[in-house]
Amino acid sequence: MIRPWCNKLGTALLVTACSIFLNMGGCDLFGWLPHPSDIVVDPPNICPQWDVDCDQISNAVETNGANAYLGLDPQVANANPSIAHGTYSDGWIENALNLPNVGTGYSHYIGSDTVDKDDWGTLDVVIMIEAGGRDWYNDNHPPPRIGIGDLSHGDATSHQFGGQFPPHSCHENGLEVDIRYVRNDGAELPLNIAGPDSLKYDISATADLMNYLIANGDVVLIYIDTAHAYLTDSGQDILHHWPGHSDHFHVRISDPDGTGN
Amino acid sequence: MHFKLTIVIASVVIVSTFVIALTVGGDSLTGRLIVKLEKDNRLMKLAGADGRSAEFYVSDKYWVHSVTVSPHGDYAAFIEEAGPRYTDTGSAAHPKIALVVLDEDGRIVARANTDVKMYDWSPDGRRLALVTFAPCDPDYEFKCPTGAWIFDIEQSDITKITDTAYAIRWAEHDSLVYIKSSDGVLSYNPVARTMSKTAYLDIDFSPDGEYYLSHPGFERDSVIQLYETGTNKNVAGLLPQDTGNIVGWAFNVGHFLHFVNVVEELETAGTGPIKVIKGRKVKTAVNTIYEPGGRLVVMTFEGTISPWCGDGSTLIIERDGKLVLVEIP
């Protein structure tokens, strides 16, 4: 996976060096050239605006009140605190991260749960959602924003994260998220692609959205309603049919530190 | 044991703007109600062995779905939703949902105005077991179960039997109502009006009750399992390999499993691993009828599963634009 800010490192260094070169009269290529020891270069800020300490935990996540218990500092690089334990259907999360309810290109719909009870995950799933949202926004996708549903259950007060999350059978260890199919009318509302509402289903945008998620996370499967989604994974064994997935699709990423814990 | 695959070519008739060529097996259509739902909420009825079909019922509501025919072919039922669940302006609209029952002539004989999510016929075709859901939150989908009920068609009487139910099945072999609940699988005796907890893991019993299928839980990454009802033992090892996906129990008698293996040719668009399907063509669709007790492939035949639905005594398959009825004598 290539993080977009990695490409910016080379560009930033080149621009900085050129700028200094020009300021010192370097336009005359045959004139005076500074001795390398005369050049003082401030370290370029290679961190993206949304993650100023470059620790891959976004500023929004680090300043999210629900995550205060972790003591994350947006100015200081923090290690990934989250660990997925057990399995998708029998597991829990250590030091889960709460997804900010709104971010670039996405919005979390609360659904049937109370605020900050249904949106806890590992850093990897949070990164996938946030980066997918930025890609969605940067590629000029029109509204709606990506509709993010349930991640894993959690309680910031008791610090209990993951575990059983009815009516889900999975969603237990912070590696899964439910997302709405994309509507073509811009409304940030549910969409059931199996009924008459399917006229409002934007198939192409939904395919784009899934590809953004795959580009930003180690997606191992996506549950969809294959009869109505009109999507294929070209034999890559990512898309699977599951009843009950006509009003959202379900994305699962691999366990970043393996399944042994 | 003998099985018959009946394919008899009959006449071609024009229905609406398209042509159906119908093949039926002699008298197999006599007295049977076979219906199909069109996209504009029209129910069509297969009208005779010569292939005629006729408009059966037209709904002026927003969405008709979950059409079935009763076990003896006396009634058809469907779920009707009065409006969209959500409006374009952002405010949720709670649709009026009903379970509607029609007689053979398309007349409404019973209607249960309730948030029905799924239902199943009693073996005698006179009652329905159903589960209801309601939105837990006005902005979200129907997630919260609100009860399981028995609906008596002839009495137009509906009775609640439990508060929390996710799925329901009225078993043919013992006439008990099986309910998937948060407390496991329950059985309800509609005569004694008693509820019991069972050790079963699921409710998809074969018509003769010898076996049941256990479908993986919501979002669980596992496969369908087969259990022997008497011992409650997993006998998935009896299932054949390379026969495609399980469709379900094939007929309303015995314990014949229907598998279908479909190979499609897709026309796709887009870049990236996920692509949009612009067109699909079925190259081959091989059906297998299998009897797990004897590990016996009873028959194989080609064809896709038809949108026409009947009383369950036959399979209705489409092949080369024609209907094929597959029967057990």
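Some observations on this one:
- Histogram of C-alpha separations across the stretch A:76-253, 10 Å bin width, %: 10, 40, 37, 11, 1, 0
- Here the stretch B:162-234 is treated with +1 on each Lys and Arg Cβ and -1 on each Asp and Glu Cβ, and its dipole about the Cα centre works out to around 220 debye.
- Residue order, fewest to most surrounding Cβ atoms within 10 angstrom, among A:Ile46, B:Ile168: A:Ile46, B:Ile168
- Order of B:Glu228, A:Glu172 under a 10 Å beta carbon neighbour criterion, fewest first: B:Glu228, A:Glu172
- Sorted fewest first by neighbouring Cβ atoms within 10 angstrom, A:Ser158, B:Ser53, B:Ser196 come out as A:Ser158, B:Ser196, B:Ser53.
- Its alpha carbons considered, the stretch B:214-329 gives a radius of gyration followed by a Dmax of 16.6, 52 Å.
- For the stretch B:34-41, Karplus couplings with θ = phi - 60° (6.51, -1.76, 1.60), whole Hz, Gly/Pro x: 10, 10, 9, 9, 8, 5, 8, 6
- Using a simple spin-label model with pseudo-atoms 7 Å out from Cα toward Cβ, B:Asp242 and B:Asp320 lie 2.7 nm apart.
- Measuring spread by the Cα atoms of the stretch B:146-236 yields a radius of gyration and Dmax of 13.8, 43 Å.
- Candidate aspartates and glutamates for bridging to B:Lys45, where Cα separation is under 19 Å - those fewer than 8 sequence places away on the same chain excluded: B:Asp27, B:Glu55, B:Asp60, B:Asp74, B:Glu80, B:Asp103, B:Glu104, B:Asp105, B:Asp311, B:Glu318
- With both labels modelled 7 Å from their Cα along Cα-to-Cβ, the A:Glu94 to A:Ala215 distance reads 3.4 nm.
- For the pair the stretch A:153-203 and the stretch B:289-329, the centres of their Cα atoms are 36 angstrom apart.
Each value in this text was obtained by applying a stated rule to the coordinates, not by laboratory testing. All of these numbers come straight from a predicted model, not from anything done at the bench. For neighbour counting, all protein chains shown are included, and Cβ atoms are generated from backbone atoms with ideal geometry for every residue, glycine included.
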